[in-house]
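To start, the structure under review is shown below, and the notes come after it.
The values are calculated or read from the model by the stated rules, or taken from the named source; none is laboratory data. Keep in mind that this is a model prediction, so the values were computed, not measured. Glycine gets a Cβ as well: all are built from the backbone with ideal geometry, and neighbour counts include every protein chain shown. Please note that ligands, DNA and RNA were not included when accessible areas were found on the heavy atoms of the full protein model with its side chains. Shrake-Rupley method; radii C 1.70, N 1.55, O 1.52, S 1.80 Å.
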Amino acid sequence: MSNAPVLYAVRDGYAEITLNRPDSLNSFTAEMHAGLRDSFERAPAEGARAILVTGAGRGFCAGQDLTERKLPAPGEVLDLRVFLRERYNPLIKRMRELPLPIVVAVNGVAAGAGMGFALAGDIVLAARSAKFIQAFIKIGLVPDAGSTYWLPRLVGPVRARALAMTGDALSADDAAAWGLVWKSVDDDKLMPEARALAARLAASPTAAQGLTKQLMNASLDNALAAQLDLERDTQFMAGHTKDYLEGVKAFREKRAPKFEGK
Ligand code: T3D
């Protein structure tokens with residue numbers, strides 16, 4: 001197997017992106033960020049209609065590689081803004097703005113920025129043995145990679161504060177019960193289920209999926225009137241796709257639709 005920090009493969013119409021630094025639980029390095037940047041650009045450019053993200057080995061992603069930074073000498077200052085501005089923030093924005101459904105299969109621990117990264121997916125499945133840890137506070141940092149955006153919205157401010165302020169691990173079953181992930185599944189079922197889901201999404205009406213994602217993103221901040229307007233405008237666009245015509249035709253002809261993603 002390649003030892004590139006990010007693996008990219010195409011299967012059944014979707015792109016499978018695997019974080020591949022298993023010895024350090026797939027913690028983020030500059031090279032890994034570059035690999036992710038390339039993969040998220042390559043997938044739509046090469047016609048993928050869905051994306052699946054997972055990790056190699058026993059971890060999903062342990063956040064920033066803590067051995068990568070040169071710690072400052074006395075009197076020097078380490079400007080962490082640079083890494084958020086140039087790496088984490090563009091990564092999370094790219095995932096939310098990409099008009100393709102992203103399935104995340106959390107195969108093991110997701111800690112620090114690795115947890116924020118997982119939550120940036122559209123449909124997150126977790127292996128039952130996986131854990132979610134807001135590890136930042138344990139090393140004197142604040143949550144990043146979108147953690148303070150997702151957590152209060154997904155689990156409410158009470159649970160969000162406790163997760164961030166204690167750094168305690170949340171089990172996959174609790175993450176599912178709290179609405180942080182779509183579901184937790186037996187470890188050996190994770191990849192078959194995630195791949196079947198990614199293939200199913202890749203065969204679905206891709207333009208409508210992109211527009212649905214746009215609506216769901218906007219809903220987190222919009223008032224009802226603005227959201228209704230956006231639904232009107234995006235439905236207008238969906239109504240112009242070949243897949244809409246195919247969907248209605250197939251229904252009337254009592255057959256399965258064949259969506260082309262257009
Ligand atoms: O600098 C910036 O850019 C600012 C942005 C920061 C964003 C962040 O993500 S900050 C948070 C960084 N992450 C952490 O603090 C998590 C650190 N890791 C852990 O706490 C634990 O490893 C876990 C709870 C995630 C898992 O524990 P466990 O017992 O299952 O595994 P382990 O034995 O601790 O780790 C296995 C190996 O992975 C080990 O290496 P070794 O001893 O076998 O050679 C360990 O050092 C390595 N590893 C785990 N996490 C990291 C890591 N190596 C580098 N960086 C890591 N984050």
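Looking at segment 42-59, can you tell me whether even one residue there is within 26 Å of Leu163 (Cα to Cα), in contact (Cβ under 8 Å) with a residue 40 or more places away in the chain and assigned to a helix (DSSP H, G or I)?
no
Among the residues of segment 17-41, how many are in a strand (DSSP E or B) and open to solvent by 10 Å² or more (accessible area, probe 1.4 Å)?
So the count comes out to 1.
Which residues, counting only those in segment 107-132, are over 23 Å from Ala30 (Cβ atoms) and not hydroxyl-bearing (Ser, Thr, Tyr)?
Asn107, Asp122, Ile123, Val124, Leu125, Ala126, Ala127, Arg128, Ala130, Lys131, Phe132
Has segment 60-76 got any residue that is within 30 Å of Thr212 (Cβ to Cβ), of a type in the set (Gly, Ala, Ser), modelled with pLDDT of 95 or more and more than 10 Å from the ligand (Cβ to nearest atom)?
no
Any residue that is in a helix (DSSP H, G or I) and surrounded by fewer than 20 Cβ atoms within 10 Å (Cβ to Cβ) - is there at least one of those in segment 179-187?
Yes; the residues of segment 179-187 include at least one that is in a helix (DSSP H, G or I) and surrounded by fewer than 20 Cβ atoms within 10 Å (Cβ to Cβ).
Is it the case that segment 89-100 has a residue that's within 14 Å of the chain's Cα centre (by Cα), within 30 Å of Gln214 (Cα to Cα) and of a type in the set (Asp, Glu)?
Scanning segment 89-100 turns up at least one residue that is within 14 Å of the chain's Cα centre (by Cα), within 30 Å of Gln214 (Cα to Cα) and of a type in the set (Asp, Glu).
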